[in-house]
Amino acid sequence: MQKNVEKMSINYSPNFNLNKRSISEVKYIIFHYTGMKSEIGAIKRLTDKNSKVSCHYFIKRNGEIIQMVPDLYVAWHAGKSSWKKEKLLNSKSIGIEISNPGHNHGYKNFNSKQIRSIVKLSKILKKKYKIKIENFLGHSDISPLRKIDPGEKFPWKLLYEKKICLWHNLDKKSCKKFRKVKINNSKNFYKLLFKFGYKFTNKSSEKIKILKNFQRRFRPEVISSFVDKECYLILKSLI
C-alpha cells in the first residue's frame, strides 16, 4: 500500500481483533471524521489501548495518511451499526478517519490535500477489495441514530465523479424547485429509505434523525426535519 500512496506512515493501534479475515470479507469502506479539537489528541486516542477505538487509516490535515490497523484485521471504528441486512459492520469494513473537529468543535471543510488523499486511498481500496460503489458509506449511514459524521461538508459528489461512491443522477437546478415542497404521504419515502439500506424504525424522532443524515449525504444544502419532494425524488433515483 505504501508504494501506491504518497506521504504514508505507520502508527499501529493495539485496538483490533487478533483473528485475521480474508480479502473477500472486506465489503465496505466507512468514512468518519475525528470530531476532536486536536489532531494530535485524535491520533493518541485511536492508538490508546484504553480507548477501545481505532481505524485502519487516518488522514491528517496535511493529507498524510497513517495506517493504524492492517486491512485484514478488524478495527474498532463502526460500533453498533447496520446496513441493509448486515449488522456490526466492523467485521466487514475498512474504517477511514479524517481529521476534522466536527460539528461540536467548529466543523471545517475538508481541505484539498485531504480530499486528494481520500480519493487516492479510496481508489486503491476499491480495486484491491472489489468494493461496490454503493458500499462506500459514512458513519452516519450505518449508525444514523447516534452519529452525524463525516457530515454535510464531506465531498460525496466529488467521489462519485471519481467513480468511487454512489450519488443521484438528478439535475440540481431542476430538482431544486421541489425543495421544501412537502409531500402528502411520507410513509412511502421511509419505506424506500429502509429498502435503500438505513436502519428500520417506527419511532418518529428516530425517523427524523435518519432523514437528516440522508440529507447530509445526498442533499447537504438544506437539512430539515420534514420530507420534501426533492428528497423523495433523490431517493427514488438512488433506488
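The numbers here are math on the coordinates, done by the rules we state, and not lab data. Worth saying up front: this structure is predicted, and the values here are computed from it rather than measured. When we count neighbours, we look across all protein chains shown, and the Cβ atoms used for this are built from the backbone with ideal geometry, even at glycine.
Tabulated data
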quantity	calculated
Options His32, Ser91, Gly63, ranked by Cα towards positive dipole end of the range 27-102, top entry (Cβ charges)	Ser91
Angle between the chain longest axis and helix 112-129 axis [Cα atoms, degrees, rounded to 10]	80
12 Å beta-carbon shell around Pro155, net charge (K/R +1, D/E -1)	+3
Helix 204-218 vs. the chain, principal-axis angle (Cα, 0 to 90°, nearest 10)	70
Nearest 10 degrees, 0 to 90: helix 229-238 Cα axis against the chain principal axis	50
Student exercise, the chain dipole from Lys, Arg, Asp, Glu Cβ charges, in Debye to nearest 20	620
Globularity ratio of the chain, using Cα Rg and 2.2 N^0.38 Å	1.00
Charge dipole of the chain about the Cα centre (unit charges at C-beta), most positive-ward option of Asn17, Phe214, Ser140	Phe214
